[in-house]
Amino acid sequence: MRRTDGELILFWTLPVLAIIWVSAFFLFPGFVHPMSPTMSAEEVAGFYRDETARIRYSMILFNWFGVGLIPVVILLAMQIRRMAHRTPILCYSLIACAGGPPTLFLIANMFWLLGSFRPERAPELTQLLNDLAWLTFTILVPYLIAQSLLLALAIYWDRQDRPVFKPWVAHFNLLIAAALAPAAFTALAYTGPIAWDGLLSFWVKNIAIAVWIIVMGIVLGQTIRQQRAQDRVIA
Amino acid sequence: MSTTFNRRLLIVWLILTSMTLAYVWMDHTVDQNGTLRASTVVTVSAIVIALIKVRIIFREFMEVRHAPAWLCRLTDAWVVLIAACLLGSYFVGSAVS
Amino acid sequence: MSLPKMKTTEPLTMPDPPTGSRVSRLAWNFRHHPKRELWFAWWVMVIFYQLYGVLFFFVTRVQPPPSPAWDTPTVVRWFDDHDFGILAGFGVVFLVAGMCAPMNALLAYSMRRMSVSRLFAYSYLIIYSLAAVPGMLVMAIAMIVAALRPHRDPELIHWLYDFAFLSFSGTMGVFMIGSLVWMVAILLDKNRVFPKWFGYLSLCNALTEVVVAPAWIFHRGAFAWNGAIAWWINMVVFVLYTGVFIVLLRKMIQREDFRAGPLPALPDKGEAAHSDSVEAVR
Amino acid sequence: MTNLAGSRPQLEEKPTKFVPGQPDMWMFVLFESLLFTGYFSVYLVSRTQNEELYLRSQAALDLRIGVFNTIALLLSSWAIARCVKASREGAYRPALINASLTILFGVVFLVSKVLEWVKEIHMGNTFTSNEFFQHYFFLTSIHCIHVLIGFIVLGVVVYQLWSPVRRSQQLVETCATYWHTVDFLWVLIFALLYVVR
């Protein structure tokens with residue numbers, strides 16, 4: 001019998017996390033119809049005045065659970081450790097990536113909360129906080145891109161009879177990396193697909209993150225289950 | 001053997017200290033009633049004396065004297081380099097202003 | 001050093017690399033080269049620093065930094081002039097910033113290869129992964145927010161300008177402690193992964209982070225964020241240090257044998273790494 | 001840190017030529033002195049641009065304290081040089097005594113430096129007062145950081161000399177080389193801050 005090592009507990013935090021994130025996403029009034037960068041300072045200030053409560057509670061929720069993805073990335077890093085590599089470099093790279101997105105997200109989260117803390121402050125200041133929040137939130141992609149690409153590379157290099165992940169997982173990660181890339185350039189436009197409320201920078205990016213979490217969650221779950229079954233047979 | 005070497009170190013230290021004290025004398029000759037006056041002679045000699053002290057420290061305290069020739073030459077070149085940089089920036093700066 | 005140097009393309013386990021074109025050799029190396037992970041991380045590092053230089057010095061023009069002594073209208077005009085360069089340049093920065101990860105992983109690996117505790121590798125990895133956020137990304141965010149709305153209250157643009165340059169220059173501790181961690185590892189190491197003088201050079205690099213501290217205090221002069229001491233001399237040291245460790249890491253990868261060998265006296269570590277990969281193959 | 005110990009014959013080496021300590025440390029010495037030369041050059045150039053201010057501010061420094069500082073540091077350098085000689089001859093007790101003297105004089109230097117800072121600050125001359133005092137506080141404090149690192153280095157010397165199982169002559173020499181660097185950098189700083197007109 002295998003010792004309880006808590007791996008599965010951490011894994012099963014993922015669906016719980018997903019539910020919390022989705023509820024917070026819908027609770028935040030600025031996400032379902034993403035706020036436009038073309039809004040004037042007065043409109044932005046008015047938004048923070050009218051929606052203070054929902055902004056606060058949704059962002060407090062995000063603040064609590066924003067870092068929740070780290071255990072999953074570390075679980076992936078540990079799977080990379082099992083791959084047929086000679087060095088732990090790709091595993092280290094994934095660990096190096098793990099902290100980046102939550103840190104950036106927490107910075108954005110802080111600016112949103114600051115904006116709603118004193119909604120009566122000068123509209124110009126509220127608009128500044130809002131810009132800081134939205135841009136930070138939209139450009140938090142660099143580590144996610146790197147993470148997907150590195151994972152894909154790790155899978156391609158996992159040359160053994162029974163690879164840890166199937167090759168399609170690598171292709172899938174490349175696709176996700178491509179979907180996340182346009183968001184990096186969000187500041188170039190107020191309108192259109194690149195703008196922070198646009199098709200590419202908001203919808204494609206966030207849906208890509210969601211799909212990545214779901215798909216990688218399932219893949220990871222299967223892999224861990226197979227691994228455990230194997231361990232039982234050997235034992 | 002060890003006593004002779006320690007005497008050598010003592011002499012080195014005495015030379016270095018007396019060179020430091022020479023600054024006090026220089027200081028007294030150049031200033032009048034506590035007001036400091038600019039003096040190229042004092043500046044250049046202060047830098048040169050300091051670099052001579054640096055070279056003595058290299059040779060004696062840091063034992064470059066016993067080191068292979070390349071290290072001797074390298075440290076000497078370094079003293080010259082530092083001298084060139086310091087005096088150069090002083091004179092170029094003076095010329096510009 | 002006593003053992004012969006290994007050629008980079010010499011495989012350890014897989015024989016006969018193709019003798020065909022450059023492309024097919026590259027493809028073979030990518031798939032089969034025993035040191036592919038190391039070379040990959042090394043090339044990522046080289047390309048990252050090239051991009052970093054081009055983006056910061058030529059595209060966004062934020063280096064060498066403009067003066068902290070400027071008045072508000074000058075700062076606003078500066079943003080007007082550099083608007084597109086900043087927005088597009090930092091867009092590319094956001095796209096490629098993740099390249100830091102393999103780079104830091106390689107540096108951490110160099111410490112894993114030493115005879116010191118794993119503590120050093122993991123500490124360095126975490127410290128430098130953290131460093132990119134205040135040291136580079138926060139600056140980039142402040143810059144694009146300022147460039148996004150040129151008609152914002154000029155005082156706010158000026159604040160963003162200060163925020164950007166001070167977060168960039170004034171992020172000191174992570175780089176200082178990181179360099180010191182690396183230094184201690186190199187000085188204690190018995191596998192001769194790096195020469196000792198590079199350890200001492202790390203100390204010089206760590207001290208430049210001390211020297212930059214007055215940038216938080218002065219608006220002009222040698223110690224301001226664009227000053228002769230706080231920026232120019234430090235930049236020379238940083239460029240030298242970076243160039244040196246890129247070359248030394250290349251040498252390390254060339255000498256790497258995953259067991260005992262040109263990096264001498266490492267059977268324990270090398271054996272462990274080796275058995276890991278064997279285990280993974282099984 | 002003892003890995004490079006014994007890589008060259010110790011004792012009876014008087015006629016043969018040798019590099020004191022690790023050659024690597026000499027890289028540090030040369031690089032660090034070059035770095036300081038950069039700082040000094042910036043100081044000298046800014047000085048010539050505003051000579052009046054520098055001379056006026058310089059009058060607030062007490063040359064006697066500077067001389068005292070220098071002599072304290074020269075004494076410590078002398079002591080570490082004697083320590084190296086003694087340990088080379090296998091006289092580890094005198095070597096330890098001299099290493100302790102080095103630390104003692106280093107502490108004397110540090111304390112007198114801090115007292116001088118306190119005195120200047122009480123006179124209203126702080127880091128932000130004017131350009132001269134920017135350079136004064138910068139150069140003295142970056143040097144003091146080197147002194148503090150020097151105490152760690154001297155700690156290594158004492159640690160090496162303490163037990164018969166260690167006693168790497170090369171490490172002792174490496175550390176001594178570092179300490180002498182701290183000394184000669186101060187000699188330059190002293191001349192440039194206190195004496196130059």
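Any idea which residue in the stretch A:132-148 is nearest to A:Val211 (Cα to Cα), counting only those that are without any contact (Cβ under 8 Å) to a residue 60 or more places away in the chain, within 9 Å of chain C (Cβ to nearest Cβ) and part of a helix (DSSP H, G or I)?
Here is the first cut: in the stretch A:132-148, the ones without any contact (Cβ under 8 Å) to a residue 60 or more places away in the chain are A:132-133, A:136-137, A:139-140, A:142-143, A:145-146.
With the extra rule that they be within 9 Å of chain C (Cβ to nearest Cβ), the set shrinks to A:132, A:136, A:139-140, A:142-143, A:145-146.
Filter again for part of a helix (DSSP H, G or I), leaving A:132, A:136, A:142-143, A:145-146.
Details: A:Leu132: 26, A:Thr136: 21, A:Pro142: 17, A:Tyr143: 17, A:Ile145: 14, A:Ala146: 17 Å.
Applying the filter and picking the extreme gives A:Ile145.
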From the residues in the stretch D:1-53 that are modelled with pLDDT of 85 or more, over 16 Å from the mean Cα position of the chain (by Cα) and of a type in the set (Ser, Thr, Tyr), which one is surrounded by the most Cβ atoms within 10 Å (Cβ to Cβ)? D:Tyr43
For the stretch C:157-206, name all the residues that are β-branched (Val, Ile, Thr), within 20 Å of C:Asn104 (Cα to Cα) and more than 11 Å from chain D (Cβ to nearest Cβ). C:Thr171, C:Val174, C:Ile177, C:Val181, C:Val193
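Is it the case, given these coordinates, that D:Gln169 is within 14 Å of chain B (Cβ to nearest Cβ) and closer than 21 Å to D:Met25 by Cβ? Working first, answer last.
On the way: within 14 Å of chain B (Cβ to nearest Cβ): yes; closer than 21 Å to D:Met25 by Cβ: yes.
Considered against the rule, which asks whether it is within 14 Å of chain B (Cβ to nearest Cβ) and closer than 21 Å to D:Met25 by Cβ, D:Gln169 comes out as yes.
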Tell me which residues, restricted to the stretch C:28-42, are out of contact with any helix residue (DSSP H, G or I) (no Cβ under 9 Å at 6 or more places or on another chain) and more than 9 Å from every other protein chain (Cβ to nearest Cβ). C:Trp28
How many residues are away from chain B (no Cβ under 14 Å) and farther than 19 Å from D:Ala60 by Cα when one looks only at the stretch D:87-139? 10
Note on the stretch A:47-64: residues without any contact (Cβ under 8 Å) to a residue 40 or more places away in the chain and open to solvent by less than 20 Å² (accessible area, probe 1.4 Å) are A:Ser58
Quick one: B:Val80 ticks every box in (1) under 17 Å from D:Tyr194 (Cα atoms); (2) open to solvent by 80 Å² or more (accessible area, probe 1.4 Å) except a single one, so which number is it? (1)
A careful count of residues in the stretch C:91-128 that are touching a residue at least 24 places away in the same chain (Cβ under 8 Å), open to solvent by 20 Å² or more (accessible area, probe 1.4 Å) and at the interface with chain A (Cβ under 8 Å from one of its Cβ atoms) gives 5
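Table: residues versus (1) within 21 Å of the chain's Cα centre (by Cα); (2) open to solvent by less than 10 Å² (accessible area, probe 1.4 Å); (3) over 30 Å from C:Ala222 (Cα atoms).
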{"position": "D:Leu63", "(1), (2), (3)": "yes, no, no"}
{"position": "D:Asn69", "(1), (2), (3)": "yes, yes, no"}
{"position": "D:Val84", "(1), (2), (3)": "yes, yes, yes"}
{"position": "D:Arg93", "(1), (2), (3)": "no, no, yes"}
{"position": "D:Gly106", "(1), (2), (3)": "yes, yes, no"}
{"position": "D:Phe109", "(1), (2), (3)": "yes, yes, no"}
Every listed condition ((1) without any contact (Cβ under 8 Å) to a residue 40 or more places away in the chain; (2) over 21 Å from the mean Cα position of the chain (by Cα); (3) surrounded by fewer than 23 Cβ atoms within 10 Å (Cβ to Cβ)) holds for C:Gly173 save (2)
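Take A:Leu151 and tell me if it is under 25 Å from A:Leu8 (Cβ atoms), open to solvent by less than 20 Å² (accessible area, probe 1.4 Å) and either more than 10 Å from chain C (Cβ to nearest Cβ) or of a type in the set (S, T, N, Q) (or both). Spell out how you get there, then give the answer.
On the way: under 25 Å from A:Leu8 (Cβ atoms): yes; open to solvent by less than 20 Å² (accessible area, probe 1.4 Å): yes; either more than 10 Å from chain C (Cβ to nearest Cβ) or of a type in the set (S, T, N, Q) (or both): yes.
Spelling it out, A:Leu151 is indeed under 25 Å from A:Leu8 (Cβ atoms), open to solvent by less than 20 Å² (accessible area, probe 1.4 Å) and either more than 10 Å from chain C (Cβ to nearest Cβ) or of a type in the set (S, T, N, Q) (or both).
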Confirm whether A:Arg162 is free of Cβ contacts under 8 Å to residues at least 12 places away in the same chain and under 25 Å from A:Ala18 (Cβ atoms). no
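Is it the case that the stretch B:44-62 has a residue that's within 19 Å of D:Glu51 (Cα to Cα), surrounded by 14 or more Cβ atoms within 10 Å (Cβ to Cβ) and facing chain D (nearest Cβ under 7 Å)? Working first, answer last.
If we filter the stretch B:44-62 for residues that are within 19 Å of D:Glu51 (Cα to Cα), which is where we start, we get B:44-47.
In the following step, the residues that additionally are surrounded by 14 or more Cβ atoms within 10 Å (Cβ to Cβ) were identified as B:44-47.
Now drop any that are not facing chain D (nearest Cβ under 7 Å), which leaves B:46-47.
For the stretch B:44-62, residues within 19 Å of D:Glu51 (Cα to Cα), surrounded by 14 or more Cβ atoms within 10 Å (Cβ to Cβ) and facing chain D (nearest Cβ under 7 Å): present.
Conditions tested, residue by residue: (1) open to solvent by less than 30 Å² (accessible area, probe 1.4 Å); (2) in contact (Cβ under 8 Å) with a residue 24 or more places away in the chain; (3) small (Gly, Ala, Ser).
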site: B:Asn6; (1), (2), (3): no, no, no
site: B:Leu16; (1), (2), (3): yes, yes, no
site: B:Thr20; (1), (2), (3): yes, yes, no
site: B:Thr35; (1), (2), (3): no, no, no
site: B:Gly93; (1), (2), (3): yes, no, yes
When the stretch C:129-140 is checked residue by residue, the ones that are touching a residue at least 40 places away in the same chain (Cβ under 8 Å), at the interface with chain A (Cβ under 7 Å from one of its Cβ atoms) and open to solvent by 10 Å² or more (accessible area, probe 1.4 Å) are C:Leu130
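Select, from C:Phe218, C:Phe238, C:Phe258, C:Phe198, the only residue that is outside any helix (DSSP H, G or I), modelled with pLDDT of 90 or more and either touching a helix residue (DSSP H, G or I) at 6+ places or on another chain (Cβ under 9 Å) or under 30 Å from A:Arg81 (Cα atoms) (or both). Show your work before the answer.
Numbers: C:Phe238 fails: outside any helix (DSSP H, G or I); C:Phe258 fails: modelled with pLDDT of 90 or more; C:Phe198 fails: outside any helix (DSSP H, G or I).
Unique residue meeting the criteria: C:Phe218.
The values are calculated or read from the model by the stated rules, or taken from the named source; none is laboratory data. In this text, all values refer to a predicted model and were calculated from it rather than measured experimentally. FYI the Cβ positions are ideal-geometry reconstructions off the backbone, even for glycines, and counts take in every protein chain you see. With ligands, DNA and RNA removed, areas are computed over all heavy atoms of the protein, side chains included. Shrake-Rupley method; radii C 1.70, N 1.55, O 1.52, S 1.80 Å.
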